[in-house]
Structures are given as structure tokens and as C-alpha cells.
1. Filter the stretch 345-365 down to the residues that are part of a helix (DSSP H, G or I) and in contact (Cβ under 8 Å) with a residue 40 or more places away in the chain, then identify the one that is surrounded by the most Cβ atoms within 10 Å (Cβ to Cβ).
2. Restricting attention to the stretch 70-114, report how many residues are charged (D, E, K, R) and in contact (Cβ under 8 Å) with a residue 60 or more places away in the chain.
3. For the subset of the stretch 15-49 comprising residues that are assigned to a strand (DSSP E or B) and at pLDDT 95 or above, which member is surrounded by the fewest Cβ atoms within 10 Å (Cβ to Cβ)?
4. Of the residues 130, 163, 175, which is modelled with pLDDT of 85 or more, within 12 Å of the chain's Cα centre (by Cα) and in a loop (DSSP other than H, G, I, E, B)?
5. Looking only at the stretch 89-127, which residues are modelled with pLDDT under 90 and not hydrophobic (A, V, I, L, M, F, W, C)?
6. For the subset of the stretch 1-14 comprising residues that are of a type outside the set (Val, Ile, Thr) and in a helix (DSSP H, G or I), which member is nearest to residue 192 (Cα to Cα)?
7. When the stretch 282-330 is examined, which residues are found to be β-branched (Val, Ile, Thr) and within 17 Å of residue 345 (Cβ to Cβ)?
Amino acid sequence: MAALTRSKRLVVKIGSSLLVEGGTLRGDWLRALCEDVAWLAGGGAQVILVSSGSIALGRGILGLSGPALALEQSQAAAAVGQIRLARAYEEALAPHGLKAAQVLLTLEDSADRRRYLNARATLETLLGFGTVPIVNENDTVATDEIRFGDNDRLAAQIAVTVGADTLVLLSDVDGLYTANPKDDPDATRLDEVTRITPEIEAMAGDAGSGLSRGGMKTKVMAAKTATTGGASMAITEGSTLNPLRALENGAAATWFRPETDPQAARKRWIAAMKPRGEVFVDAGAARALAQGKSLLPAGVGVISGDFGRGDPVAILGPEGRIGLGLARYTADEARAIAGHQSGDIEGILGYPGRAALIHRDDMVL
């Protein structure tokens, strides 16, 4: 199923044990990975890296030993390691003419609609500038990833957020097995999973390496999120140099098939929401929306309801309801800028806002 070169937007998750060994960064491996990123980018793909490793790297820098760290020590190690990790990515991508961007998120950023929209807009803008966003769990303030290895799930959330068509989990295992291969010699790897059933979920275990925080359960959870959101997902062993090229060339992996395409999944998610308000638009704006345009303030008349940024609102035209979308402004802000040109927003609100009241990607007609 490997078709990385046909993907338009990929999210790649890197496990700690691949990137850090004995508290030291595996520089040769990272440089080879960035060669793969440049290879994909050269073919027109946009790539986001979700990278673990800040805690493992920070432990080495601070000389913290032992099988487990206190929470405060883990957070301190993350703060120290994240600086080194970001610099390493910057240095590895630079020879290929690629710029790195650091984005620190928590899973809660994808749960809250306002923060979700802000994160999505930032990532879209970074990709538009041709950068390679390096995303990591904000381990200095978030504890879930430290305990459970949520970077697998975070990567899936990022894939859904940006509408990626492919998610690759580079791990210390080469796929999903019918049982734990360390305990069962008859365990076999599944090359492809077309649907995540209870039986598939039951095959997932919790075992991970000493540095990797996630087990197979988090990977199957990530697959459920990614495939529901329209992305195919691969679990593959990534310790070899140039692991993405290896995957493209048929390296062992388990591929999870998507249930739909990313755009359809996003539209379905929006369509299921209950509107918190209404936005009435004129005939010109209604025609523009029918042509696939975003909703600009100039075409908006009356605003009703009390909604916040990221909340769903119904869009109504002269002939009735047109659709549903996620507002990029609060109800009060929308009322203030309604009927005005986008260039007037800063003068009205006192800060530069986004040009669209509702972006076409956040809208279902």
C-alpha cells in the first residue's frame, strides 16, 4: 500500500527510541530522515513531523539516570531537550533548503474548537510558507504524554486537523501483530487493516521500549482517529536510515485504510454540529459561497445568537438556510465587522483579524 510519493500532505511521527540513544541524539539517523523529507517535498508533498525525544534528550543533557523520573524532572528534561531537538531539526533540514518551525501543542488544543482553529490556521500558514513544522507535545506543562505516550494520538489529531492523506508512525515495531511476537512465536504481522474491529483492538498490547512512551494500544487508537478522518496510516519499524524511502520501497508495515477522504470527513464532522447562532448573508455572498468562496464580512447583514470563535453557526441567505460553518469571530466581533471590507477589520476591532468570517474549509453547504 505504500504510496508516499502520491500523498499531498503527510504527517510523520518519530518515536523517542529512534531519535535518541543513550541520552544522545542519533545525528546520522536524523539527517537521513530529513533527506527523506526533502525527497518528498521535492515531489510536491507537504510534510509535518510529530517528534518525540525532548525528554529522552534532556535526560542525557541533565545527566538524569534511572528507569523513571519524577514529574517535575520529566518536565525539566523536556524544557532542556526541546531546545536541542529543535536546533537539530533546523540544522538537518537546512542543507536541503528547508526551514523548520517549532509547534508545541497538547491534546486539549484539538478538543477546544477555538484552539483547534487557531492551531489549524497556524499549521496551514506554515505549510503555505514551505516550512516543515516540527510538532511536539508540550511536555513542560502537559502530563498525559509523559505518562501514556500520547504523541501517537497527537500525530493522528494533527493529521485530521490539517486534512493529511497519510500518517506514518515510525516506531520500534514493524506493525500490528496478532499477538505479542516477543511472547508468541506464532504471532503474525497484519499487512493491511481495512476496518478496526474489536478483534483488531484486542490484538494491541501495552509493551514499549524503555524510551518510547507509547504502546500498540495508543497506535491503534491513533489509527481509529486517522482513518475516521480520511487518512491512511502505517506503523513501521523506523530505525533504518532513510525509513520513509524504505517504506515506499516495501518495508514491513501495517497499513490502515481510511474510511473516507479527509475533506469529506471534515465536512461530515461540521455538519453534525448544532448551531450556536445565525449569520444572514446577501444574495451576492450567497452566490459566492455556491462558487466555493469563503464568507467575507462585506456580504453579512444580521447576526443572531451568542457564539464564540470556533462555534458552529447557521448561514442563511435570501432564500433560506445555505449551510453551516465554524465562526472565526465571536458574535459581538461579527456584528461589529458585518457589512465592512476585510481591510477595515483592524480599524474596527483594534487588531488585525482574519479576512474571512467563515473560511470555506470550515463550511458545509
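The values are calculated or read from the model by the stated rules, or taken from the named source; none is laboratory data. What you are looking at is a predicted structure, and each value in this text was computed from that prediction instead of being measured. FYI the Cβ positions are ideal-geometry reconstructions off the backbone, even for glycines, and counts take in every protein chain you see.
1. Residues of the stretch 345-365 part of a helix (DSSP H, G or I): 345-349, 360-362.
Those left that are additionally in contact (Cβ under 8 Å) with a residue 40 or more places away in the chain: 345, 360-362.
Numbers: 345: 21, 360: 15, 361: 17, 362: 23.
Only one residue fits best here, namely 362.
2. Of the stretch 70-114, the ones charged (D, E, K, R) are 72, 84, 87, 90-91, 99, 108-109, 112-114.
Still in the list and also in contact (Cβ under 8 Å) with a residue 60 or more places away in the chain: 112-114.
Adding up the residues that qualify gives 3.
3. Restricting attention to the stretch 15-49, the residues satisfying the condition of being assigned to a strand (DSSP E or B) are 20-21, 24-25, 46-49.
If we keep only those that are at pLDDT 95 or above too, we end up with 46-49.
On the way: 46: 22, 47: 26, 48: 28, 49: 24.
Of everything passing the filter in the stretch 15-49, 46 is surrounded by the fewest Cβ atoms within 10 Å (Cβ to Cβ).
4. The unique qualifying residue is 163.
5. Listed by number, the residues that qualify are 106, 108, 109, 110, 112, 113, 114, 115, 116, 118, 120.
6. In the first step, residues of the stretch 1-14 are kept if they are of a type outside the set (Val, Ile, Thr); the result is 1-4, 6-10, 13.
Right, trim to in a helix (DSSP H, G or I) and you get 4, 6.
Working: 4: 16, 6: 18 Å.
In this case the residue turns out to be 4.
7. To start, the set of residues in the stretch 282-330 that are β-branched (Val, Ile, Thr) comprises 300, 302-303, 313, 315, 322, 330.
Result: 300, 303, 330.
Residues checked against (1) under 27 Å from residue 161 (Cβ atoms); (2) touching a Leu at 6+ places or on another chain (Cβ under 9 Å); (3) outside the structural domain of residue 282 (by TED's automatic domain parsing):
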position	(1), (2), (3)
294	yes, yes, no
300	yes, yes, no
320	no, no, no
348	no, no, no
354	yes, no, no
357	yes, yes, no
